[in-house]
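K.L.:
My structure is below; once you've seen it, I'll send some questions.
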Amino acid sequence: MQSSYSRALAIIAQPWLAAKLMFKPKVRPTREDQILDRLAFWRATVGLATIVVISYPYQGLLVTSVSSFSKMWQTVVLALLLPPLSLLLMLVITPSRHRAQLLPGVRRLLVHAGSALAVICLSFFLLFLLGIGIDTTSEAEAAGIIVLLLALPFVLLWYCCFWGCVVYWAARTGMWTGEIHPLLAPIGSTLIMLLLNVRELIASDSNGLPYGIWLTLNLCGTATSLGLSFAEFRRLRALGYRFRSGPEPVTLGAAEPVPHGEREPAN
């Protein structure tokens, strides 16, 4: 029991663990899936660190950090379009006998998205309550406000870290569209990434960076994202996931009958 309390306190004290527990989709326990998950994390971490280190001499730390977070936020805003469009697409292409399988995933997506929206909106609500509290003249309420102001830096630090992690998971998972159907996650996140990167390449706004460095960073980021998405898509196909058979894995023979006289392709 004590270890459970210690673990809960450790999760609460570390906002990235709390966000991971609440918003990270479950990863299959196989070695290949665990490797892909770690590669996706380290690709995002190392990529961000590389951008900051290379851009710092030209843009400064603040501008570089704001620019990176702004791109992640743009990804989240575009990802908001994915769930309704993805659900509509799946309802169209999924045979009626398999459509009921989509409902549990839709519920999980709504839980994730609703919780993320609540976290984002909570900061504005707390600021509103703080503004009301400052106008009060009661000594007890004033003492409470003083305690709150003393604790505010620590609360803000924790909340900003947690808020950033929530945005990260929303961006990385394409607003959790993989809950509707596993194949949607690599395809949806890839389409959003390509849309943002192509728009940047067309605009050609290096924001103070030498054009060669800026172009290299963009192309390397695009190539690594495409590589990981392709590997994840192939892995899911190998496990038996197909669009027209619902979100549950099936055997190749059940999902795609092989014509007589032709060899069955290997997964």
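K.L.:
Of all residues being surrounded by fewer than 15 Cβ atoms within 10 Å (Cβ to Cβ) and modelled with pLDDT of 85 or more in the range 240-254, which is farthest from THR50 (Cα to Cα)? Just the residue, please. So that I can check it myself, show each step before the final result.
P.N.:
The first filter runs over the range 240-254 and keeps only residues surrounded by fewer than 15 Cβ atoms within 10 Å (Cβ to Cβ), leaving 244, 248, 251, 253-254.
Keeping just the survivors that are modelled with pLDDT of 85 or more gives 244, 248.
On the way: ARG244: 40, GLU248: 38 Å.
Among them, the one singled out is ARG244.
K.L.:
Which of the residues that make up the range 225-248 are under 18 Å from LEU102 (Cβ atoms), assigned to a helix (DSSP H, G or I) and of a type in the set (Lys, Arg)?
P.N.:
ARG244
K.L.:
Same structure again: Between a first residue in the range 223-236 that is β-branched (Val, Ile, Thr) and a second residue that is part of a helix (DSSP H, G or I), which pairs have beta carbons less than 6 Å apart while being 6 or more apart in sequence or on different chains?
P.N.:
THR224/ARG43
K.L.:
Right, another one. Please determine, by comparing only the residues of the range 176-191 that are in contact with a Ser or Thr (Cβ under 9 Å, 6 or more places away or on another chain) and among the hydrophobic types (A, V, I, L, M, F, W, C), which one is surrounded by the fewest Cβ atoms within 10 Å (Cβ to Cβ).
P.N.:
Top of the filtered list is ILE187.
K.L.:
Then there is this: Can you name the number of the only condition in (1) touching a Phe, Trp or Tyr at 6+ places or on another chain (Cβ under 7 Å); (2) in a helix (DSSP H, G or I) that PRO25 fails?
P.N.:
(2)
K.L.:
Considering only the range 207-217, state which residues are closer than 18 Å to LEU48 by Cα and either aromatic (Phe, Trp, Tyr) or crowded, with 18+ Cβ neighbours inside 10 Å (or both).
P.N.:
Those that are closer than 18 Å to LEU48 by Cα and either aromatic (Phe, Trp, Tyr) or crowded, with 18+ Cβ neighbours inside 10 Å (or both): LEU209, TRP214.
K.L.:
Which residue, of PRO182, PRO186, is in a loop (DSSP other than H, G, I, E, B) and of a type outside the set (Lys, Arg)?
P.N.:
Values: PRO186 fails: in a loop (DSSP other than H, G, I, E, B).
The match here is PRO182.
K.L.:
Quick one: in the range 190-219, of everything that is under 25 Å from the mean Cα position of the chain (by Cα) and touching a residue at least 24 places away in the same chain (Cβ under 8 Å), which residue is farthest from ALA171 (Cα to Cα)?
P.N.:
LEU217
K.L.:
Among the candidates PRO104, PRO15, PRO83, single out the residue that is surrounded by 11 or more Cβ atoms within 10 Å (Cβ to Cβ) and in contact with a Pro (Cβ under 9 Å, 6 or more places away or on another chain). I'd like the intermediate steps shown before the answer.
P.N.:
Working: PRO15 fails: in contact with a Pro (Cβ under 9 Å, 6 or more places away or on another chain); PRO83 fails: in contact with a Pro (Cβ under 9 Å, 6 or more places away or on another chain).
Going through PRO104, PRO15, PRO83 in turn, the sole match is PRO104.
K.L.:
Condition (residue is touching a Phe, Trp or Tyr at 6+ places or on another chain (Cβ under 9 Å), at pLDDT 85 or above and in a helix (DSSP H, G or I)) applied to the range 120-138: is it met by at least one residue?
P.N.:
We begin by selecting, within the range 120-138, every residue touching a Phe, Trp or Tyr at 6+ places or on another chain (Cβ under 9 Å); these are 120, 122-123, 126.
Then keep just the ones that are at pLDDT 85 or above; that gives none.
The answer is no; no qualifying residue exists.
The values are calculated or read from the model by the stated rules, or taken from the named source; none is laboratory data. What you see is a predicted model; the values in this text were computed from it and never measured. Every residue, glycine among them, receives a Cβ derived from its backbone with ideal geometry; neighbour counts consider all protein chains shown.
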